[in-house]
1. What are the pairs, 6+ residues apart or on separate chains, where a residue within segment 201-219 that is in the same structural domain as ASP102 (by TED's automatic domain parsing) and farther than 19 Å from VAL57 by Cα has its Cβ under 9 Å from a residue that is surrounded by 21 or more Cβ atoms within 10 Å (Cβ to Cβ) and among the basic types (Lys, Arg)?
2. Among the residues of segment 240-255, write down those that are among the aliphatic types (A, V, I, L, M), surrounded by fewer than 21 Cβ atoms within 10 Å (Cβ to Cβ) and touching a strand residue (DSSP E or B) at 6+ places or on another chain (Cβ under 9 Å).
3. If we scan segment 127-138, do we find a residue that is in contact with a strand residue (DSSP E or B) (Cβ under 9 Å, 6 or more places away or on another chain), at pLDDT 85 or above and farther than 10 Å from VAL165 by Cα?
4. Search segment 289-316 for residues that are more than 24 Å from ALA242 (Cβ to Cβ) and pair each with any residue that is among the acidic types (Asp, Glu) and at pLDDT below 95 when their beta-carbon atoms are under 6 Å apart and the residues are at least 6 apart or on different chains.
5. Go through SER268, SER297, SER259, SER303 for me and flag whichever is surrounded by fewer than 20 Cβ atoms within 10 Å (Cβ to Cβ), within 26 Å of the chain's Cα centre (by Cα) and not assigned by TED's automatic domain parsing to the domain that holds ALA48.
6. If you take the residues of segment 130-168 that are hydrophobic (A, V, I, L, M, F, W, C) and touching a residue at least 60 places away in the same chain (Cβ under 8 Å), which of them is nearest to CYS224 (Cα to Cα)?
7. Among the residues of segment 227-248, is any more than 30 Å from LYS135 (Cα to Cα), among the charged types (D, E, K, R) and in contact with an Asp or Glu (Cβ under 7 Å, 6 or more places away or on another chain)?
8. Restricting the search to segment 1-27, which residues are part of a strand (DSSP E or B) and either farther than 12 Å from GLU67 by Cα or outside the structural domain of PRO65 (by TED's automatic domain parsing) (or both)?
Amino acid sequence: MPDTEFILDIRDLAVRYHTDSGVVCAVEGLNLSLRPGEFLGLVGETGAGKTTTALSVMQLIASPPGEICRGEILFDGLNLLTLSEEEKRHIRGGKIAMIFQDPMTSLNPVLSVQEQIEEMISLHSSIPREKVHEKAGEMLTLVGIQAERGSEFPYQFSGGMKQRVMIAIALACSPQLLIADEPTTALDVTIQAQVLELMQELKHHFNTGTILISHDLGVVAELCDSVAIMYAGRIVEKGTAASIYNSPMHPYTQGLFNSIPDLTTTVSRLNTIPGLPPDPVNLPPGCCFAPRCHKASPRCTESSPQIKEIDPGHFVACFHPSCSKPASHKEACHEQ
């Protein structure tokens with residue numbers, strides 16, 4: 001019998017892109033799991049492999065140039081990599097849904113928003129045809145849009161409203177897994193807050209397992225139960241949101257937190273992580289973060305650290321893990 005404790009269980013995933021410049025190692029040895037109703041934050045710089053991971057789960061990696069060359073993606077006990085295209089289409093959109101990064105370009109400009117929601121419902125549910133229109137109106141109401149506006153077209157909606165429509169489409173068939181790729185990136189701060197509040201409400205309404213892809217640590221803190229930090233295609237640290245925020249162990253995670261401005265302190269220059277992310281076509285030997293890490297030792301440049309459990313439920317891929325936070329957070333850390 002399959003282990004269905006996790007709605008999603010990614011095991012040793014590796015994804016490559018074959019380009020004119022060489023082979024890009026977008027994701028390497030990724031292990032990640034998600035329980036029903038859990039909200040997981042996937043955090044990292046641009047190019048860390050977050051969106052590639054999401055597209056792998058959705059089975060939307062374009063081939064060529066992309067290739068899932070190793071691993072398993074178990075959804076509700078089924079390995080998505082072994083399914084036929086017809087079986088994948090049945091799952092994609094119905095049982096697994098995705099909110100894409102840019103609502104401005106994700107909606108069909110020549111169909112009304114009502115028609116786009118109805119299309120999703122018709123494709124992936126057994127609701128009687130005469131009830132589809134009513135269901136689409138209910139989804140618009142659920143995300144805070146008057147059902148009467150369903151006949152309008154995407155250009156008649158603001159950015160925040162478009163994002164709400166995207167959420168309505170994604171949730172129209174009550175998916176078991178929702179992937180939200182930077183859902184607030186193109187929105188102003190006020191609209192961001194409204195969308196985040198909406199996602200919190202929907203989390204409790206549907207009990208859907210959710211992966212939130214973001215580089216915004218504030219957004220992740222607001223929504224997520226657990227957090228995974230990605231760097232150069234690998235997960236370098238993962239655990240509960242409380243453990244990651246109160247006791248970050250990996251130097252990269254610490255660098256991300258130290259780069260957040262402290263409103264109570266006056267400084268002439270913000271903290272940064274030195275250097276740049278590595279070229280994915282030519283990754284350095286050993287730990288990919290070693291060239292930017294102040295704790296790096298010869299061992300770090302010779303072999304790649306495996307992710308290990310440092311504290312219960314707190315995993316780190318580092319030869320020199322330690323708790324280090326800005327002064328305002330140090331009281332939450334504990335001795336190692």
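The values are calculated or read from the model by the stated rules, or taken from the named source; none is laboratory data. Since the structure is predicted, the reported quantities are computational estimates derived from the model, not experimental observations. Note that each Cβ is placed from the backbone with ideal geometry, even for glycine, and that neighbours are counted across all protein chains shown.
1. From residues that are in the same structural domain as ASP102 (by TED's automatic domain parsing) and farther than 19 Å from VAL57 by Cα, the pairs are HIS215/LYS50.
2. ALA241 - this is the single residue of segment 240-255 that is among the aliphatic types (A, V, I, L, M), surrounded by fewer than 21 Cβ atoms within 10 Å (Cβ to Cβ) and touching a strand residue (DSSP E or B) at 6+ places or on another chain (Cβ under 9 Å).
3. Checked segment 127-138: no residue is in contact with a strand residue (DSSP E or B) (Cβ under 9 Å, 6 or more places away or on another chain), at pLDDT 85 or above and farther than 10 Å from VAL165 by Cα.
4. Within 6 Å, no pair qualifies.
5. SER259
6. ILE167
7. Within segment 227-248, one or more residues are more than 30 Å from LYS135 (Cα to Cα), among the charged types (D, E, K, R) and in contact with an Asp or Glu (Cβ under 7 Å, 6 or more places away or on another chain).
8. Selection gives LEU8, ASP9, ILE10, ARG11, ASP12, GLY22.
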